[in-house]
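The values are calculated or read from the model by the stated rules, or taken from the named source; none is laboratory data. All values derive from a computational prediction rather than experimental measurement. Every residue, glycine among them, receives a Cβ derived from its backbone with ideal geometry; neighbour counts consider all protein chains shown.
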Amino acid sequence: MSEELQLLFRNLPDYLGWHMMLSTAALGIGMLISIPLGVWASRRPLIAEYLLAIAGILQTVPTLALLAIMVPILHTIGFMPAFIALTLYSFLPILANTVTGIRGVDPTLAEAARGLGMNNWQMLIRVQLPLAAPVILSGIRTATVLVVGTATLATPVGGKSLGNYIFSGLNMNDTQAVMFGCIFTALLAIVLDQLVHLLELAQARHSKRLAWIAAAGLAVAVGGALFSPVVNAFTARPPVVASAPFTEQFILSEIIRAKLKEADSDIDQRQGMGETIQFLGLKHNQIDCAINYTGNVWATLMQRRDVIGEQETYEQTVAFLKEKYDVECLGKLGFQNNYVLAMDEKLAQSRGIVSIGDLAKHSDLIYGDDMMFFDRNEWKRVQELYKIKLPDRHKESMDPTILYKALEEKRVHVITAYSSDGRIKAMKLRVLSDPLSAIPKYDAILLLSRRGAENPKLRQALIPLVGKISQHAIETANLSVDRDEAAPRTAALQLLAKLK
């Protein structure tokens, strides 16, 4: 078994356990709310229509958008926003099937029950719910598959799930990790779906034996999966280290892991998190450490559109993070990862394009970005200073992992790249100069939350990294992953070996 596959299996108990906990908790609460609500609404047709309409609207909201909304509302990251979002997603199939099942009971049976002297409660328990059970269980099956599949999206908001494999694999172009996550997510959905189906059969056949088998199966599946999270809950929580969803951040996360391992400390890696989510996690002490960039704080958190000196930017960024987020900056790592505009050297030479300003003379060029740049303050400033008017049909937004391939295939002519990406030099791309300083500098900085700063072992392990990672070193590490398909952990260890 390869080292990469061993690593995937090593993380499986933790990821699978949290995925199971998230899914079953959302389904459990969803049933506790939706079934009684459906029973109550089934006797009130107008209210039932309104409730189903609301549940339907919730279902149409994109999952990632709903998760992102939950984070600022709840002031927390990780399990809770994902749990609330998934619970809301479970409502529609369970609520709709409960209403449909109760309404579908033959009215003559209800009348017969009343003729036997049953009150509303007795009629519900003895007649309506047993007859509606197959339809309700069908809704629960639908909700089960939906919730288990959607739970993979907990990763960007700092949650742990099988989605960690999928998101890291997508961002690292690692098909093995993606398939690993997809296979185990599908297996989990199938197992839970079939166990609920067994309950359907038990109800249809009035078989207590099948019901007990289904219940025992659910207990074993849930209990077995939750073993790792439950055991870890009784141990001291290791430092939580967050990283954004791109190559460099995965490598830096592994560097921190290696440094903490040298200090005999474990680590809880939350890879693939949205950068805004990271800052909220640092602010609320749910993350201990993260590496980010001065220009990112400047443009997104501080909403600054001006560009000042590199040192001034750093000092103002550090002061802002301390004042507004209570986050401490240990210092610069020693390299920059700036936004740059790059294009094929031959095309740039033939068009006489040297600086960003030269692009304004070539209105036929198609631009590709990383799904963020065209909406950021940096791009607005580029357009203003260099008088670039770019129609929407000349914009192509795509995942950063395929930007370079799109450039190579001439589907786009100019891309937004990261200056520390080793593929720029490897592909001999021309980085366009920025004489008007439209784009701020992105110095990599090491950040600690208040709780992280109070952890002496964490601080002592990370201080040796300050100022030690050169531009060449990070470019080489990034290239070894992006081009040579080395694992981020391998690239990180190779980089650290050169520092000693």
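Taking the stated definitions as given, is Val327 more than 23 Å from Gly78 (Cβ to Cβ) and of a type in the set (Val, Ile, Thr)?
Against the criterion (more than 23 Å from Gly78 (Cβ to Cβ) and of a type in the set (Val, Ile, Thr)), Val327 does not qualify.
Please work out which one of (1) assigned to a helix (DSSP H, G or I); (2) modelled with pLDDT of 85 or more is the condition Trp121 fails and give its number.
Here Trp121 clears every test but (2).
Of the residues Ala211, Ala202, Ala132, only one is among the small types (Gly, Ala, Ser), in a helix (DSSP H, G or I) and crowded, with 21+ Cβ neighbours inside 10 Å; which? Before the answer, list the steps.
Details: Ala211 fails: crowded, with 21+ Cβ neighbours inside 10 Å; Ala202 fails: crowded, with 21+ Cβ neighbours inside 10 Å.
Step by step, each of Ala211, Ala202, Ala132 is checked, and only Ala132 is among the small types (Gly, Ala, Ser), in a helix (DSSP H, G or I) and crowded, with 21+ Cβ neighbours inside 10 Å.
Rundown of residues vs (1) of a type outside the set (Ser, Thr, Tyr); (2) touching a strand residue (DSSP E or B) at 6+ places or on another chain (Cβ under 9 Å), yes/no style:
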position	(1), (2)
Gln278	yes, yes
Gln286	yes, yes
Cys289	yes, yes
Thr294	no, yes
Arg305	yes, no
Thr317	no, yes
Glu323	yes, no
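Picking from Lys405, Lys395, Lys380, Lys389, which residue would you name as being touching a residue at least 40 places away in the same chain (Cβ under 8 Å) and basic (Lys, Arg)?
On the way: Lys405 fails: touching a residue at least 40 places away in the same chain (Cβ under 8 Å); Lys395 fails: touching a residue at least 40 places away in the same chain (Cβ under 8 Å); Lys389 fails: touching a residue at least 40 places away in the same chain (Cβ under 8 Å).
After applying the criteria, what remains is Lys380.
If we scan region 108-127, do we find a residue that is touching a residue at least 24 places away in the same chain (Cβ under 8 Å) and surrounded by fewer than 19 Cβ atoms within 10 Å (Cβ to Cβ)?
If we filter region 108-127 for residues that are touching a residue at least 24 places away in the same chain (Cβ under 8 Å), which is where we start, we get 124.
Still in the list and also surrounded by fewer than 19 Cβ atoms within 10 Å (Cβ to Cβ): none.
No, the conditions are met nowhere in region 108-127.
What's the total number of residues in region 179-190 that are touching a Gly at 6+ places or on another chain (Cβ under 9 Å) and buried (at least 18 other Cβ atoms within 10 Å of the Cβ)?
The number of residues fulfilling the criteria is 4.
Looking only at region 270-281, which residues are modelled with pLDDT of 90 or more and more than 13 Å from Gly78 (Cβ to Cβ)?
Phe279
Looking only at region 443-450, decide whether some residue is at positive phi and of a type in the set (Gly, Ala, Ser).
No, because not a single residue in region 443-450 is at positive phi and of a type in the set (Gly, Ala, Ser).
Residues that are of a type in the set (D, E, K, R), crowded, with 19+ Cβ neighbours inside 10 Å and within 25 Å of the chain's Cα centre (by Cα): find the strands (runs of 3 or more DSSP E) completely inside region 405-494 holding 2 or more of those. Please lay out each step first, then the result.
Working: elements: 414-418, 429-431, 443-448.
Strands (runs of 3 or more DSSP E) meeting the threshold: none at all.
If Ala319 meets every condition in (1) under 24 Å from Ile445 (Cα atoms); (2) of a type in the set (A, V, I, L, M); (3) surrounded by 14 or more Cβ atoms within 10 Å (Cβ to Cβ); (4) at pLDDT 90 or above apart from one, which number is that one?
So Ala319 meets the others, but not (3).
Just checking, how many residues over region 383-404 are part of a helix (DSSP H, G or I) and basic (Lys, Arg)? Talk me through it step by step, then tell me what you get.
As a first pass, look at region 383-404 and keep what is part of a helix (DSSP H, G or I): 383-386, 392-394, 400-404.
This time we only want the ones that are basic (Lys, Arg), so: 393.
Number satisfying all stated conditions: 1.
Can you tell me which residues in region 248-269 are at pLDDT 90 or above, in contact with a Ser or Thr (Cβ under 8 Å, 6 or more places away or on another chain) and not acidic (Asp, Glu)?
Gln249, Phe250, Leu252, Ser253
Which one of the conditions (1) surrounded by fewer than 20 Cβ atoms within 10 Å (Cβ to Cβ); (2) touching a helix residue (DSSP H, G or I) at 6+ places or on another chain (Cβ under 7 Å) does Ser161 fail to meet, given that it meets all the rest?
(1)
With respect to Ala497, determine if the residue is without any contact (Cβ under 8 Å) to a residue 12 or more places away in the chain and aliphatic (A, V, I, L, M). Before you say what the answer is, go through the steps one by one.
Numbers: without any contact (Cβ under 8 Å) to a residue 12 or more places away in the chain: yes; aliphatic (A, V, I, L, M): yes.
So Ala497 fits the description; yes.
If you take the residues of region 35-74 that are among the hydroxyl-bearing types (Ser, Thr, Tyr) and within 16 Å of Thr150 (Cβ to Cβ), which of them is surrounded by the fewest Cβ atoms within 10 Å (Cβ to Cβ)? Explain how you work it out, then say what you get.
Here is the first cut: in region 35-74, the ones among the hydroxyl-bearing types (Ser, Thr, Tyr) are 42, 50, 60, 63.
Those still in the list that are within 16 Å of Thr150 (Cβ to Cβ) too: 60, 63.
Details: Thr60: 7, Thr63: 18.
Out of the qualifying residues, it is Thr60.
Return yes or no: is Gly281 buried (at least 19 other Cβ atoms within 10 Å of the Cβ) and more than 28 Å from Thr476 (Cα to Cα)?
Numbers: buried (at least 19 other Cβ atoms within 10 Å of the Cβ): yes; more than 28 Å from Thr476 (Cα to Cα): yes.
For Gly281, the condition - buried (at least 19 other Cβ atoms within 10 Å of the Cβ) and more than 28 Å from Thr476 (Cα to Cα) - is met.
Report yes if some residue within region 194-211 is of a type in the set (Gly, Ala, Ser) and under 33 Å from the mean Cα position of the chain (by Cα); otherwise report no. It would help to see each step written out before you state the result.
So the first thing to find is which residues in region 194-211 are of a type in the set (Gly, Ala, Ser), and the list is 202, 204, 207, 211.
Among the residues that remain, those that are also under 33 Å from the mean Cα position of the chain (by Cα) are: none.
Among the residues of region 194-211, not one is of a type in the set (Gly, Ala, Ser) and under 33 Å from the mean Cα position of the chain (by Cα), which makes the answer no.
Considering region 232-252 alone, what residues qualify as being of a type in the set (A, V, I, L, M), within 30 Å of Asp174 (Cα to Cα) and not in a strand (DSSP E or B)?
Residues of region 232-252 of a type in the set (A, V, I, L, M): 233, 236, 240-242, 244, 251-252.
Subset that is within 30 Å of Asp174 (Cα to Cα): 240-242, 244, 251-252.
Passing the criteria: Ala244, Ile251, Leu252.
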